[in-house]
1. Give me the percent of DSSP beta bridges within the chain that run antiparallel, rounded to the nearest 5.
2. Relative to the first principal axis of the alpha-carbon coordinates of the chain, what is the inclination of helix 129-140, with its axis defined by its Cα atoms, in degrees from 0 to 90 and to the nearest 10?
3. 222 nm [θ] for the chain, helices only, -39500 (n - 2.57) per DSSP H run of 4+, per residue, to 500?
4. Send over the semi-axes of region 172-249's equivalent ellipsoid, whole angstrom and largest first, taken as the square roots of 5 times the C-alpha gyration tensor eigenvalues.
5. Determine the shape class of region 13-255: with a ≥ b ≥ c the square roots of the Cα gyration tensor eigenvalues, call it rounded for a/c under 1.5, and otherwise prolate if a/b is greater than b/c, oblate otherwise.
6. Going by the alpha-carbon gyration tensor, a ≥ b ≥ c the square roots of its eigenvalues, is region 1-120 rounded (a/c under 1.5) or, if a/c is not under 1.5, prolate (a/b greater than b/c) versus oblate?
7. How far apart, in nm, are two points set 7 Å out from the Cα along the Cα-to-Cβ line at residue 192 and at residue 163?
8. Once label points are set 7 Å from the Cα along Cα→Cβ at both residue 140 and residue 54, what is their separation, rounded to one decimal in nm?
Ligand SMILES: C[S@@+](CC[C@H](N)C(=O)[O-])C[C@H]1O[C@@H](n2cnc3c(N)ncnc32)[C@H](O)[C@@H]1O
């Protein structure tokens, strides 16, 4: 065994049980959405999927906390199943550097924190100022914890993930990141040219042997996302679904190491 090899994180059944929200929560949310549509009313957030960047930014900026929580509930349900599947065995158990791309008010970050220890660096990015402020407030108040109840303190940055990635006012360093992950963002609210810019930046900041796990969806379907990431040199290593026939999986790609065969 390589003495320099880092211990990798493994997700347990207890983790999965602790994180999962029941199906009834998802079904109730979907039923409420269908009732709103059937009654001819617009539900908050309607028309943002696949829209241009200005419409997306305006749409998310208009949410209050309760409206966003209701809109995002299906996504929250999905993340609590997809994130464990995406990260299992792929990131170091200690000292991991993880980017949460499009983190909202910390709804996906809290799932990453479940697996973290205080040696991790977790940076959440979101373009909606209000969400970043909420996430920051929560972090300051000690509102993120890991599976043992230890407080985890992620950082948050307000910026578009289609732009070069910054933290503490400086561009992220080359090869400094173990995992970059997105949920309910890339496949819904970005367009292919934005994803190409994002993937090029991730190809710079993710270390060789590190991973990116990006969500596919109607705006950037599986084939398009695969083409963009493999075109940039990433290698597809799997996909993470919240249930067997889920149409919006996260595709998991590895940044090739010098030792990997072509
Ligand atoms: C459906 S929410 C998902 C939030 C979180 N990832 C989760 O799973 O609960 C989508 C988030 O993506 C953010 N977003 C959309 N386009 C973005 C962009 N170009 N850059 C950064 N964040 C973006 C929105 O502000 C919103 O918080």
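1. Working: 15 of 32 bridges.
Given both bridge residues lie in the chain, the antiparallel proportion sits at roughly 45 percent.
2. Orientation of helix 129-140: about 60 degrees from the principal axis.
3. On the way: 9 runs with 102 residues, N = 262.
My calculation for the chain gives -12000 deg cm²/dmol from helical runs alone.
4. After scaling each eigenvalue by five and taking roots: 20, 14, 11 Å.
5. Values: a/c = 1.35, a/b = 1.20, b/c = 1.12.
It is rounded, given that a/c, with a ≥ b ≥ c, falls under 1.5.
6. It comes out prolate by the Cα gyration axes.
7. Rounded to a tenth, the inter-label distance reads 2.5 nm.
8. About 3.3 nm separates the two model spin labels.
Every number here is computed from the coordinates shown, using simple stated rules; none is lab data. Everything numeric in this text was worked out from a predicted model, so none of it was measured. Heads up, the Cβs are rebuilt from the backbone with ideal geometry, glycines too, and the neighbour counts pull from every protein chain shown.
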